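Down below is the structure, laid out as structure tokens.
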Amino acid sequence: MGCVLSGLKWPRTPSKDHVTPEPLLPTLGLTPQQQQLLIETWELLKQDIAKVGVIVFIRLFETHPECKDVFFLFHDVDDLKLSKELRAHGLRVLSVVEKSVARIENVTRLEKFLFELGRSHYRYKAPPRYYQYVGIEFLSAIRPILKEKWTPEVEEVWKVLFTYICAVMKAGYQEEENKHNEKTPTMKRLEKSQATAM
Ligand code: HEM
């Protein structure tokens, strides 16, 4: 996996909840101590979620301006930096982080939720190559907030969590993309009847 964030173990048999064809999903594989580290640092970050959400997306647009097009396609806004939609999306991303931390000990539900989120991002035309950059900007936004609590171990657990979020979202996106590229039964029938008519 050419992922900029930390590596996860690939591939693994997906959970039974998904419909066929089943995609390959990564495992999260955090130790109980690492889970605890995430929970504790999230407690400190929680108060600043609105701020972090906006910083992440403003920096994302600075480093990858092409991401703006996705939002412009979706929202009719003049100045994205000032837009309430951008703020709302920042908060939504952070609420995904919150849910992920809350479900860290039972990832089956988390996996399903992130997979569906990836599917909806196919509909929003927001491709997976950008998700990992959200993770990178998230890490650089939380570092100054955590101050002396920031350690290599803390950095590692947040990298692993974001890599996981991005990877499961990507699998959902790809499943939706494959579904849309598949020929519908009507298209197949029309092609068949055209071929027999020739
Ligand atoms: C880790 C990365 C990301 C997470 C966790 C995330 C999360 C979310 C969530 C929770 C929603 C609300 C709607 C829903 O539940 O389906 C949403 C909507 C949306 N996302 Fe993302 N997102 C991420 C990355 C991106 C990126 C990189 C883009 C664009 C380049 C993007 C574009 C959109 C758009 C256009 C919508 C729909 C409209 C809106 O809410 O503004 N997302 N996202």
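The values are calculated or read from the model by the stated rules, or taken from the named source; none is laboratory data. Worth saying up front: this structure is predicted, and the values here are computed from it rather than measured. Cβ placement follows ideal geometry from the backbone for every residue including glycine, while neighbour counts extend to all protein chains displayed.
Overview of values
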| quantity | calculated |
| --- | --- |
| Criterion (surrounded by 14 or more Cβ atoms within 10 Å (Cβ to Cβ), modelled with pLDDT of 85 or more and within 29 Å of Trp150 (Cα to Cα)) met by exactly one of Arg59, Arg119 | Arg59 |
| Unique match (being within 12 Å of the ligand (Cβ to nearest atom), surrounded by 14 or more Cβ atoms within 10 Å (Cβ to Cβ) and either over 30 Å from Asn178 (Cα atoms) or of a type in the set (Val, Ile, Thr) (or both)) among Val52, Val97 | Val97 |
| Breaking point among (1) loosely packed, with under 10 Cβ neighbours inside 10 Å; (2) part of a loop (DSSP other than H, G, I, E, B), for Ala195 | (2) |
| Any hit, the range 82-92, residues being at pLDDT below 90 and either under 14 Å from Val168 (Cα atoms) or in contact with a Leu (Cβ under 8 Å, 6 or more places away or on another chain) (or both) | yes |
| Restricting the range 122-166 to residues that are small (Gly, Ala, Ser) and near the ligand (Cβ under 8 Å from one of its atoms), the residue that is surrounded by the most Cβ atoms within 10 Å (Cβ to Cβ) | Gly135 |
| Qualifying residue in the range 149-172 (condition: without any contact (Cβ under 8 Å) to a residue 60 or more places away in the chain and not in a helix (DSSP H, G or I)) | yes |
| Long-range neighbours under 7 Å by Cβ, at least six apart or interchain, first residue in contact (Cβ under 8 Å) with a residue 24 or more places away in the chain and farther than 13 Å from Gln174 by Cβ within the range 109-127, second assigned to a helix (DSSP H, G or I) and among the aromatic types (Phe, Trp, Tyr) | Tyr124/Phe74 |
| Number of positions in the range 172-197 that are modelled with pLDDT of 90 or more and either touching an Asp or Glu at 6+ places or on another chain (Cβ under 8 Å) or charged (D, E, K, R) (or both) | 4 |
